[in-house]
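Report on the following structure.
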Amino acid sequence: MTRLSTNGLSVTYRTKQGGVRAVDRVSFDIESDEIFGIVGESGCGKSTLANTFLRLLDDNGEITGGSIEFEGRDLTKLTERELADEVRGSQISMVFQDPNTSLDPVYTIGQQLIETIRRHLGLSKREAREHAIQTLDDVGIPSPEDRLDDYPHQFSGGMKQRAVIAIALSCDPDLLIADEPTTGLDVSIQAQILELLERINDEQDTAVMLITHDLGVVADVCDRVGVMYAGNMVEIGGVEAIFDDPKHPYTRALLRSLPEAHDMQDELTVIEGTPPDLRDPPDGCRYAARCDSVCSEACETGDIPPLYRDGTDVRCYLYDEAENPEYDGQTRVVAESEVGQ
Amino acid sequence: MSPETADETADETAAERTHPLRSFVTRFGENRLALFGFLLVSLVGLVAIFAPEIAPYSPTAQDYSALQEPPSLAHPFGTDDLGRDVFSRVLFGYQTVLTITVTGVLMSFFIGTSFGLLAGYTGRWTDSIVMRGVDVLMSFPSLILALALIAAIGPSKWGVALVLGIAYTPIFARVARSEAVSVREEQFIKSLDVRGASKTRIIFGHVFPNSLGPLIVTVTIQFAFGILTTSTLSYLGVGVQPPDPSLGLMLSRGKDYLDVAWWMSIFPGIAIMLPVIGFNLIGDGLRDSFDPRQGGR
């Protein structure tokens, strides 16, 4: 079942130099039982996308098009009050990158947990405390009834991230957005946190959207993945399809740039060039300037490519018989409204 | 010792070592000057509270048989030109000046901090409007502002307190605003937004406690300034009115007799100095304790 569905979502930041389209006509679905990964390099719009779901864009950011369907409502149309009372923290919650700064240093872990629980579940103090202990136990914090009264600085980095996840999960959200939840944690803790996310996804009815730039993390835990480049979602597909048979030249380049442990390379493979300036994006495909398989004029002059379906959903003219005569595969253009289905 | 108890003791000492309040108290206590300031202020505070019990005479009782007597066992600080006991008047003077200062500073703390936090957290036009108002108030030297306000509302004990409250409000607003602006950018404030916490809750429940350090330092420093301003206003004759005992007024009256009765002005002068030094030392000590990077001197 589809839990969240975005359709043609665009977000623009107003700057002194003009509007920056940080997210441009992005469409995808998140199923209720999956971990959906979003990968892309810095500045490609991953985090903006996450903030948009909670309508917590910076002051100069604005949704300029599209919709976000969630539980039968369009999140882009809700009022600030509805969002705070009914969505943020209760239906959609979010975990950030750095657990060290995600907790208020002047309150105990318990006080912060209980604050959120009471805000959304309307429990009494005693019930909220019981619930808080249960939640800490769920995320694997040992002797939760004692740790509840600890301050954040008494927790280690991995413990803090568990506590942050506990707060995010305390009101049983339908969707958990994790924005690079393992960056800055050491590798063994990373693995534990990812395992925790997988367990939450399995045991509770919580869909997870995992934002990362680490393809290893994606391969590890995600069911499906979306690849973003310069504000566009260039390819969406199952993890196996994306890793075994990537369709978009950018996805391929990304995978090639992964260092491999078994053959010692002298140099890492890099993608030449830099992403385009989004204040004035080029015509056609955003990736065309760095692409090694430009096949048609449309790549540099047309609109951003439509989505073609061939194993994965891919935005690239390589899969258009009209634009690329050499292509002889079986594709069809996917309407924005049926993306991901 | 069994391994379990060893673990427990280790845990306990770790907790003791890292508890924020405890390490704060330790750091503050290690600062000898700050501790001295704290003792000074406590002493003055106790003396002021228990003035009626300690004072040997009534502060207004005149004794025409003992005019301008030098310090003696009967009158430790001597007597003034109306035969009043200077020691008793200093004690009651403390009571007056501390009541005024504490009321004024706390009033400006609450008003200034609320406006400052609101401006700093909300930003945009709220920030602009509030801070321009603050700039206007700040553009007057606080003593001149106090004089002008006193002229408008008339001199009295509570008038002075109100004036202090108004004159110091912009100082707290500035400190609170700058703290709020930096705390606002912290990730935990954003994660509170994400959890659907209300604006009031975020500002007063989270931004405020995280800004408290610099605000408390400002409170202590303003206590020192408040005592000085209150005394200055009295000295100029626009503050506390007779027969209320006031340190500034005693100083002003004593200066006319400086060559014949030095004790009339020296003792009130020292009396003003002590809590001012005390509060300043506490302020410096607190600043060092709140910000360990600056400490270690």
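If the requirement is being in contact with a Lys or Arg (Cβ under 9 Å, 6 or more places away or on another chain), crowded, with 18+ Cβ neighbours inside 10 Å and at pLDDT 90 or above, which of these qualifies: B:Phe77, B:Phe38, B:Phe115? Full working, then the answer.
Values: B:Phe77 fails: at pLDDT 90 or above; B:Phe38 fails: in contact with a Lys or Arg (Cβ under 9 Å, 6 or more places away or on another chain).
Testing whether each residue is in contact with a Lys or Arg (Cβ under 9 Å, 6 or more places away or on another chain), crowded, with 18+ Cβ neighbours inside 10 Å and at pLDDT 90 or above leaves just B:Phe115.
When residues of region A:131-153 are filtered for being exposed (fewer than 15 other Cβ atoms within 10 Å of the Cβ) and either within 14 Å of chain B (Cβ to nearest Cβ) or at pLDDT 90 or above (or both), how many remain?
Count: 5.
Do we have B:Ile266 as within 16 Å of B:Val86 (Cα to Cα) and either at pLDDT 85 or above or assigned to a helix (DSSP H, G or I) (or both) here? Reasoning before the result, please.
Details: within 16 Å of B:Val86 (Cα to Cα): yes; either at pLDDT 85 or above or assigned to a helix (DSSP H, G or I) (or both): yes.
For B:Ile266, the condition - within 16 Å of B:Val86 (Cα to Cα) and either at pLDDT 85 or above or assigned to a helix (DSSP H, G or I) (or both) - is met.
Quick one: how many residues across region A:77-105 are free of Cβ contacts under 8 Å to residues at least 12 places away in the same chain and within 15 Å of B:Ile189 (Cβ to Cβ)?
Number satisfying all stated conditions: 2.
Considering only region B:196-216, I want to know if a residue exists there that is within 14 Å of chain A (Cβ to nearest Cβ) and touching a strand residue (DSSP E or B) at 6+ places or on another chain (Cβ under 6 Å).
So far as region B:196-216 goes, yes, one or more of its residues are within 14 Å of chain A (Cβ to nearest Cβ) and touching a strand residue (DSSP E or B) at 6+ places or on another chain (Cβ under 6 Å).
Name the residue, out of B:Val219, B:Val238, that is within 29 Å of B:Gly104 (Cβ to Cβ), touching a residue at least 24 places away in the same chain (Cβ under 8 Å) and in a helix (DSSP H, G or I).
Numbers: B:Val238 fails: in a helix (DSSP H, G or I).
After ruling out the rest, the residue left standing is B:Val219.
Mind checking which pairs have a first residue in region A:18-38 that is assigned by TED's automatic domain parsing to the domain that holds A:Asp277 and a second that is surrounded by fewer than 23 Cβ atoms within 10 Å (Cβ to Cβ), Cβ under 6 Å, 6 or more apart or different chains?
Close Cβ pairs satisfying both conditions: none exist.
Exactly one of these conditions fails for A:Pro276: (1) within 20 Å of A:Ile35 (Cβ to Cβ); (2) surrounded by fewer than 21 Cβ atoms within 10 Å (Cβ to Cβ). Give me its number.
The failed condition is (1).
Filter region A:93-110 down to the residues that are under 15 Å from B:Gly205 (Cα atoms) and at the interface with another protein chain (Cβ under 10 Å from one of its Cβ atoms) and list them by number.
Answer for region A:93-110, where residues must be under 15 Å from B:Gly205 (Cα atoms) and at the interface with another protein chain (Cβ under 10 Å from one of its Cβ atoms): A:Leu103, A:Asp104, A:Pro105, A:Val106, A:Tyr107.
Can you find, within region B:166-197, the residue that is farthest from B:Thr126 (Cα to Cα) among those that are touching a Gly at 6+ places or on another chain (Cβ under 9 Å) and hydroxyl-bearing (Ser, Thr, Tyr)?
Per the stated criteria, the residue is B:Tyr168.
Please give the number of the condition A:Gly184 fails out of (1) under 19 Å from A:Ile92 (Cβ atoms); (2) at pLDDT below 85; (3) of a type outside the set (Val, Ile, Thr).
Checking A:Gly184 against (1) under 19 Å from A:Ile92 (Cβ atoms); (2) at pLDDT below 85; (3) of a type outside the set (Val, Ile, Thr), the one that fails is (1).
Scan region B:136-145 for residues that are out of contact with any helix residue (DSSP H, G or I) (no Cβ under 8 Å at 6 or more places or on another chain) and either among the charged types (D, E, K, R) or part of a helix (DSSP H, G or I) (or both) and report the count. Outline the logic, then answer.
In the first step, residues of region B:136-145 are kept if they are out of contact with any helix residue (DSSP H, G or I) (no Cβ under 8 Å at 6 or more places or on another chain); the result is B:136, B:139, B:141, B:144.
Adding the requirement that they be either among the charged types (D, E, K, R) or part of a helix (DSSP H, G or I) (or both) leaves B:136, B:144.
The qualifying residues number 2.
The values are calculated or read from the model by the stated rules, or taken from the named source; none is laboratory data. What you see is a predicted model, and the numbers here were worked out from it, not measured in a lab. In this analysis, Cβ positions are derived from the backbone assuming ideal geometry, glycine residues included, and neighbour counts consider all displayed protein chains.
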